Ligand SMILES: Nc1ncnc2c1ncn2[C@@H]1O[C@H](COP(=O)(O)OP(=O)(O)OP(=O)(O)O)[C@@H](O)[C@H]1O
Ligand SMILES: [Mg+2]
């Protein structure tokens, strides 16, 4: 399904991503973990072509993604929607319009200029907001919402694109524990219910453990762990975060550790 082969991105002498090979054969929820500077964001940015690789290849369903240009590249970028730590909404625009922005890739420039959205798209946007529990805020400006609500709007915008892959770069790093849980639950749901692949860069090991089917650990641009949460032992965590044990303080301190999570049951079923 998704094959990343010997992928490298160098910035001068610094290899941000260094000869990474990852094969994903079905839509899963995947967590990418690693210390700051490990190359997590660069990997995601290459997947949706915000960044061009130095060498290596990316194939999705047999298609060479790195070769795409023009309209084909834009279509691919719609196929893998991106969610960011800072939400990246248009603050003064209302929530529904922010979600409808998720359809921009397939609308004409003229329609975009005059904010002409088909009625069916508007209904769909509200349905998605409803599903994420924030339809009541549809008419508000994005900036009037809490961080957690804004991130759910960003997820709604991503789902509006009907993507095959959802790429989330530290989606909960700016959120309090309760909102972090809601957002992770939502990401898990759009995987479970819609069958979309989700690849999320995550700051804490426990979040990756709790929510993901597969965890990829990066260190200095390389993949040093690729396995199930159960295989992610303390020793493996040391390989990822360094041998000094400092990971136990920062990387594993979990914000949503203490909250109940029904996903665990689902995960157990899958295992
Ligand atoms: N545009 C750029 N120009 C130069 N160097 C870059 C650029 N983007 C990333 N890097 C470097 O590449 C390496 C990997 O960065 P990246 O942002 O992918 O790490 P990360 O794992 O996402 O870190 P964090 O957890 O802090 O977000 C770092 O050494 C970083 O300084
Ligand atoms: Mg990053």
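Figures for the structure shown
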quantity: Number of positions in region 194-245 that are within 16 Å of ligand 1 (Cβ to nearest atom) and at positive phi; calculated: 3
quantity: Those residues of region 208-220 which are within 15 Å of ligand 2 (Cβ to nearest atom) and either assigned to a helix (DSSP H, G or I) or buried (at least 24 other Cβ atoms within 10 Å of the Cβ) (or both), in sequence order; calculated: 208, 216, 217, 218
quantity: Residue within region 20-42 that is without any contact (Cβ under 8 Å) to a residue 40 or more places away in the chain, more than 16 Å from ligand 2 (Cβ to nearest atom) and more than 21 Å from residue 184 (Cβ to Cβ) present; calculated: yes
quantity: Evaluation of residue 250 against (1) over 23 Å from residue 44 (Cα atoms); (2) surrounded by fewer than 15 Cβ atoms within 10 Å (Cβ to Cβ); (3) at pLDDT below 90 (one fails), failing number; calculated: (1)
quantity: Residue match in region 93-107 (condition: within 16 Å of ligand 1 (Cβ to nearest atom), surrounded by fewer than 20 Cβ atoms within 10 Å (Cβ to Cβ), in contact (Cβ under 8 Å) with a residue 40 or more places away in the chain and not in a loop (DSSP other than H, G, I, E, B)); calculated: no
quantity: Residue that is farthest from residue 63 (Cα to Cα) [pool: residues in region 166-187 that are surrounded by fewer than 23 Cβ atoms within 10 Å (Cβ to Cβ) and in contact with a strand residue (DSSP E or B) (Cβ under 6 Å, 6 or more places away or on another chain)]; calculated: 170
quantity: Residues being farther than 26 Å from residue 37 by Cβ, out of contact with any helix residue (DSSP H, G or I) (no Cβ under 6 Å at 6 or more places or on another chain) and crowded, with 18+ Cβ neighbours inside 10 Å - total across region 191-207; calculated: 1
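The values are calculated or read from the model by the stated rules, or taken from the named source; none is laboratory data. What you see is a predicted model; the values in this text were computed from it and never measured. All Cβ positions, glycine included, derive from the backbone under ideal geometry; neighbour counts span all protein chains shown.
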